[in-house]
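Heads up, the thing below is written out as structure tokens.
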Amino acid sequence: MRKIYILSAILMATLATCACEDFLDKSPEENLTVDDIFSNREYTKDFLSHIYSWIPTEANMADDGGAWRDPFVAGCDEMECAFGGAYGHNINSGAWNPTTISKTQVWEESYMALRKTNMFLERVDNSPASEEEIRHWKGEAYFLRAYFHFLAFRTHGPIILADHCYDPSEDLLSIRRSSVEECVDFMVQDCQRAIDLLYDVRGTQGQIDKWVDSDTGRATRLSAYGLMSRILLYAASPLYNGNAQQANLVDPVTGENLISQTYDPEKWKLAADAARDCITACKDAGRSLFNRYPTNPVKNYQSIFTECWNEEILWAKNIGTYDHWLNCADPISFNCYSILNPTQNQVDAYETAEGVNPITGYTKEKIMINGSNVEVLKPIINPEAIYTETGFAAAADNSGMDRWPAGVSNMYVNREPRFYASINFNGAKWKWNAPNYNTNDPHYLEFWYTGVDGKNNAGSDYCKTGYLMKKLVSPDRIPWKYTPLLQWVYIRLGEIYLNLAEAVNEYSGPTQECYDAINAIRNRAGLPNLPSGLSKEEMRDRIKHERRIELAFETHRFFDVRRWLDAEKSECQPVYSMNIYAGTNLQDPDFYQRIKIEDRVFEAPKHYFFPISQTEINKNQKGYLVQNLGWITQKTEEEED
């Protein structure tokens with residue numbers, strides 16, 4: 001199988017070798033040819049299954065590496081990754097470029113997957129499988145082709161459209177990036193093809209009887225509806241729709257803009273229609289927002305991600321017992337890494353239980369920490385919020401939701417349910433004490449300096465912010481002993497409701513449909529409706545806030561702030577934490593200070609898109625593969641001569 005990957009290592013080779021017969025001469029068995037693969041039903045299905053293996057496992061937010069890892073969550077203001085090798089640090093510090101971007105491999109690996117997908121689409125009709133099977137397999141492949149294009153599109157903007165397997169006789173050096181409009185049209189057409197060919201969902205009725213357990217994770221009609229909704233929402237957003245910052249990104253031959261300079265409000269209508277169609281299709285298929293525990297909104301929200309293949313999930317990936325990311329989210333007293341650390345910026349964004357923002361702003365001052373002057377934020381408390389940061393909880397939560405234990409800082413009391421489902425904070429009860437993990441011996445997190453989970457007891461890995469990511473993490477997992485079967489959710493219905501609210505508001509203002517969509521998400525999370533009478537601008541801010549909370553750590557925030565053109569404000573701000581360098585007990589006030597741990601860098605328009613790898617730029621000696629704006633590329637030796 002390695003021959004596949006080696007021959008696909010670079011884009012132009014990827015395009016050229018699609019037509020070559022020998023790249024599969026050792027797979028899936030030692031002496032099979034391409035014709036052998038597609039003349040056998042099982043081999044054909046296996047070939048399609050292998051394409052799914054190229055889908056990034058976004059659960060790994062920490063390590064450096066290819067597209068299988070996720071540099072996006074730790075590369076924006078919601079997370080600080082304590083592992084120094086994470087590529088998110090390069091993004092946050094501005095220390096990335098067309099040479100180092102090859103570590104992420106998004107461009108390269110997307111096109112490797114696209115080569116295989118096009119190979120499948122061009123050969124599958126030769127398979128002896130049934131007409132119905134081939135129909136559905138084609139639907140899956142069209143969905144995957146749209147998705148792999150989207151992976152490159154969301155990072156790089158206008159991309160090369162791989163609509164077929166290129167022949168070596170073609171002029172590969174003349175292949176150019178397509179405009180945003182062309183990219184979006186192509187991806188949407190593939191989504192529509194998938195919708196027309198695929199079944200609704202895996203289940204027990206009608207056509208769905210054809211599915212078996214091993215098919216769980218394959219694309220369905222609802223997956224395609226969800227992907228189309230996301231693509232069209234991106235296309236309508238300011239980054240892609242009338243963006244004057246990108247005026248100099250042009251086709252090298254025609255001189256035409258790759259990103260339209262004319263704002264088109266009708267794109268928001270297309271996005272609203274797509275979200276509405278997706279929600280309708282989900283309802284028709286018996287799908288809905290997850291709401292199995294309406295009296296416990298903490299568990300209700302947390303379980304979306306831990307109860308596999310529930311009614312809200314439109315597309316996910318089975319990742320078995322893969323648990324590296326879980327080790328990154330558990331504390332050092334469990335002999336884990338403790339490195340997925342939500343920022344204080346993110347923590348402060350969660351509302352109170354009454355649905356009010358607890359903090360309206362900050363003042364700054366300096367204090368001495370370890371001989372250095374460190375910036376400290378002092379919060380301005382919202383007088384309308386039932387919230388204080390003075391003192392400690394006299395009693396544990398008695399709501400039945402186990403939100404906070406007695407003795408924790410009052411800053412963690414009376415927050416909205418999603419806070420308790422998403423954030424592990426100082427003093428919170430989390431699982432059981434190591435090494436026995438006895439259920440009668442609960443563990444209370446100790447992030448202060450001398451605590452068992454604090455910096456004083458750590459090696460190179462330690463919690464840098466005073467918080468750990470709780471969302472997405474199975475509460476039943478016992479580190480190093482037991483991991484339940486897991487999944488990573490790519491598309492869920494909650495996102496589509498927020499897509500609808502945003503698109504409707506941008507096109508028509510805060511209509512009742514807009515309110516209904518966003519309030520459905522808030523109500524499921526145990527929060528009240530938004531106040532009536534909001535202006536379009538006020539509703540826009542509310543929707544942005546709601547996406548920040550509802551979709552936290554799901555690989556949305558990084559791209560949301562960019563498509564809104566907000567990143568030059570949100571991503572160049574300092575990141576803050578609790579004072580992990582202080583504290584000898586749970587109620588030591590020195591720990592509960594917001595200290596600056598990092599200045600972050602964002603340059604517009606440069607950092608709105610990833611650079612294309614220098615290797616790819618160098619290979620295109622005609623200069624037709626234009627680099628994204630702001631990224632300086634090096635000439636090849638041949639060009640210099």
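Net charge within 15 Å of THR363 by Cβ-Cβ distance, Lys/Arg positive one each and Asp/Glu negative one each, not counting THR363 itself? That works out to +1. Counted residue by residue at 0.36 nm each, then reduced by the alpha carbon distance between them, the extension gain from THR390 to ASP348 reaches 13.6 nm.
Amide H contacts of TRP315: TYR490, ILE491, each under 5 Å away and 5 or more positions distant or on a separate chain (H built 1.01 Å from N in the peptide plane; Pro and chain starts excluded).
For segment 80-197, what does the alpha-carbon gyration tensor say about shape, rounded, prolate or oblate, given a ≥ b ≥ c as the root eigenvalues, a/c under 1.5 as rounded, and a/b over b/c as prolate? In terms of gyration-tensor shape, prolate.
Per residue, the chain exposes 37 Å² of accessible surface when a 1.4 Å probe is rolled over the protein heavy atoms with every protein chain present. Net charge in the neighbourhood of ASP323 (other residues with Cβ under 10 Å of its Cβ; Lys, Arg +1, Asp, Glu -1) is 0. For HIS545 and GLU375, a Förster radius of 22 Å and the Cβ-Cβ distance give a FRET efficiency of 0.35, rounded to the nearest 0.05.
Taking the alpha carbon gyration tensor of the chain, multiplying each eigenvalue by 5 and rooting it gives semi-axes of 41, 28, 26 Å, largest first. Couplings 3J(HN,Hα) for segment 179-192, derived from phi with the Karplus relation 6.51 cos²θ - 1.76 cosθ + 1.60 (θ = phi - 60°), are 5, 4, 4, 5, 5, 5, 4, 5, 5, 5, 4, 5, 4, 5 Hz, where x marks Gly and Pro. Of the residues VAL250, VAL347, the one with the largest accessible area comes first in the ranking VAL250, VAL347, computed with a 1.4 Å probe on protein heavy atoms.
Net length available on complete extension from ASN318 to ASN357 is 10.4 nm, with 0.36 nm assigned per residue and the Cα-Cα distance removed.
Which percent of Cα-Cα pairs in segment 431-571 sits in each 10 Å bin, short to long? Spelled out bin by bin, segment 431-571 gives 9, 28, 27, 21, 13, 2 percent.
Report the extension gain between THR584 and GLU538 in nm, rounded to one decimal, defined as 0.36 nm multiplied by the number of residues separating them, less their alpha carbon distance.
On the way: separation 46, 0.36 × 46 = 16.56 nm, distance 4.32 nm.
Going from the current span to full extension adds 12.2 nm.
For the listed residue pairs LYS103/LYS470; LYS299/LYS429; LYS103/LYS569; LYS103/LYS317; LYS269/LYS536; LYS455/LYS596, the alpha carbons are over 20 angstrom apart in LYS103/LYS470; LYS103/LYS569; LYS103/LYS317. The H on the amide N of GLU80, modeled in the peptide plane, is under 5 Å from the matching H of ASN341, THR343, each at least 5 residues off or on a different chain. The label point for THR511 and the one for ASP251, both projected 7 Å from the Cα toward the Cβ, are 3.5 nm apart.
Near MET411: Cβ cut-off under 15 Å, other residues only, Lys/Arg at +1 and Asp/Glu at -1. The net charge is -3. Figure legend: label point modelled 7 angstrom from the Cα of GLU122 along Cα→Cβ; residues of segment 139-154 with amide N under 17 Å from it are 141-142, 145-146. The H on the amide N of ARG594, modeled in the peptide plane, is under 5 Å from the matching H of LEU377, each at least 5 residues off or on a different chain.
Computed from phi, the 3J(HN,Hα) profile of segment 436-441 under the Karplus parametrisation 6.51, -1.76, 1.60 (θ = phi - 60°) reads 8, 6, 6, 5, 8, 10 Hz, with x in place of Gly and Pro. With only Cα atoms counted, segment 293-373 has Rg and Dmax values of 18.6, 54 Å.
Given R₀ = 60 Å, FRET efficiency for LEU173-CYS308 by Cβ-Cβ distance, to 0.05? Present the calculation step by step, with values, prior to reporting the outcome.
Numbers: r = 46 Å, r/R0 = 0.77.
Step by step, r from the Cβ atoms, then E = 0.85.
Each residue of segment 237-254 was assigned a 3J(HN,Hα) from its phi angle through the Karplus curve 6.51 cos²θ - 1.76 cosθ + 1.60 (θ = phi - 60°); the sequence is 6, x, 4, 10, 10, x, 8, 5, 4, 9, 4, 8, 8, 10, 5, x, 9, 8 Hz, with glycine and proline shown as x. Dipole orientation for the chain: of the candidates PRO358, SER178, ILE332, PRO358 has the Cα lying most toward the positive pole (charges on Cβ; Lys, Arg +1; Asp, Glu -1).
A simple spin-label model places the labels of THR100 and THR262 4.1 nm from each other, with each point 7 Å out along Cα-to-Cβ.
Measure nothing fancy, just the Cα-based angle from helix 106-123's long axis to the longest principal axis of the chain, in degrees from 0 to 90, nearest 10. It is inclined by approximately 40 degrees.
The values are calculated or read from the model by the stated rules, or taken from the named source; none is laboratory data. Quantities reported herein were computed from a predicted structural model and do not represent experimental measurements. Virtual Cβ from ideal backbone geometry, glycine too; neighbours counted across all protein chains shown. Protein only, heavy atoms only, side chains kept; ligands, DNA and RNA dropped before computing areas. Shrake-Rupley method; radii C 1.70, N 1.55, O 1.52, S 1.80 Å.
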